[in-house]
1. Helix 155-165 against the longest principal axis of the chain: what's the angle in degrees, Cα atoms only, rounded to the nearest 10?
2. Considering the dipole of the chain built from charges on the beta carbon (Lys and Arg +1, Asp and Glu -1) around the Cα centre, which of Gly86, Val130, Leu101 is farthest to its positive end?
3. Can you grab the distance from the C-alpha centre of the range 11-84 to the C-alpha centre of the range 124-168, Å, no decimals?
4. Could you work out the equivalent-ellipsoid semi-axes for the range 49-108, taking the square root of 5 times each eigenvalue of the Cα gyration tensor, largest first, in whole Å?
5. Find how much the distance from Ala52 to Lys66 grows on full extension, using 0.36 nm per residue of separation minus their present alpha carbon separation; answer in nm with one decimal.
6. Using the alpha-carbon atoms, what tilt in degrees (0 to 90, nearest 10) does helix 36-47 show relative to the longest principal axis of the chain?
7. Over the range 34-107, with every protein chain in place, what whole percent of the accessible area is carbon and sulfur at 1.4 Å, could you tell me?
8. Calculate for the chain the 222 nm mean residue ellipticity that helices alone would give, adding -39,500 (n - 2.57) per DSSP H run of length 4 or more and normalising by residue count, nearest 500 deg cm²/dmol.
Amino acid sequence: MGDITHFEGGAIVNAANSGLLGGGGVDGAIHRAGGPAILAECRALRAGALAAGLPAGEAVSTAAGKLRAVRVIHTVGPIWEGGERGEPALLASCYRKCLGLAAAEGLDSVAFPAISTGVYGYPREAAARVAYAAIASFLRDNEHPRSVSLIFFTKGDAHAFLEAAQPR
Ligand code: APR
């Protein structure tokens, strides 16, 4: 439970949108707390390699500005459309790509928000199961990162994810 912007590890994951230029929710919180350096780098990405925006399921890292983390890894979760439009695979890809980027950048601790479960409407229990499976399979095949945290902003988020972790 807490505010992901207070995380003092390697990488904070941002639940961004394809535009990468900020928004509400955790995206807004990260840009507010991190300051303009993050947006400046996002703008540079949009002017260059990511001219068409960051596709859902993909991830890109930037500096963390005033945040205590070393880097911010921006990822775009799927918008929930009922679950039959490839949302689970896209959400799993977000977790895997962020972990892969953290490992590649030597960032040994990563904190995730509950990607897509806010504005993007992904049901939390279903999102939790996708997150656990994707994180577990990545960590089975990779040494790094050594520490992965899920940081919940609300009791409801935490409860839903903990519930989903119980064996059925
Ligand atoms: N710290 C940790 N978690 C947070 C914080 C915070 N400061 N603020 C919000 N959250 C949680 C929400 O409670 C939710 O569980 O982040 C999770 C993801 O919710 P959103 O931020 O709404 O992200 P998402 O559902 O992926 O939608 C992304 O929303 O804010 C816009 O620009 C963003 O367009 C993008 C869309």
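1. 60 degrees
2. Looking along the dipole axis, the top candidate is Leu101.
3. 20 Å
4. 24, 13, 10
5. 2.3 nm
6. Roughly 90 degrees, rounded to the nearest 10.
7. The value for the range 34-107 is 57 percent carbon and sulfur by accessible area.
8. Result for the chain: -13000 deg cm²/dmol, rounded to the nearest 500.
The values are calculated or read from the model by the stated rules, or taken from the named source; none is laboratory data. Quantities reported herein were computed from a predicted structural model and do not represent experimental measurements. Note: ideal-geometry Cβ built from the backbone for every residue, glycine included; neighbour counts use all protein chains shown. Ligands, DNA and RNA are stripped out before the accessible areas are found, and what is left, the full protein with its side chains, is counted by its heavy atoms. Shrake-Rupley method; radii C 1.70, N 1.55, O 1.52, S 1.80 Å.
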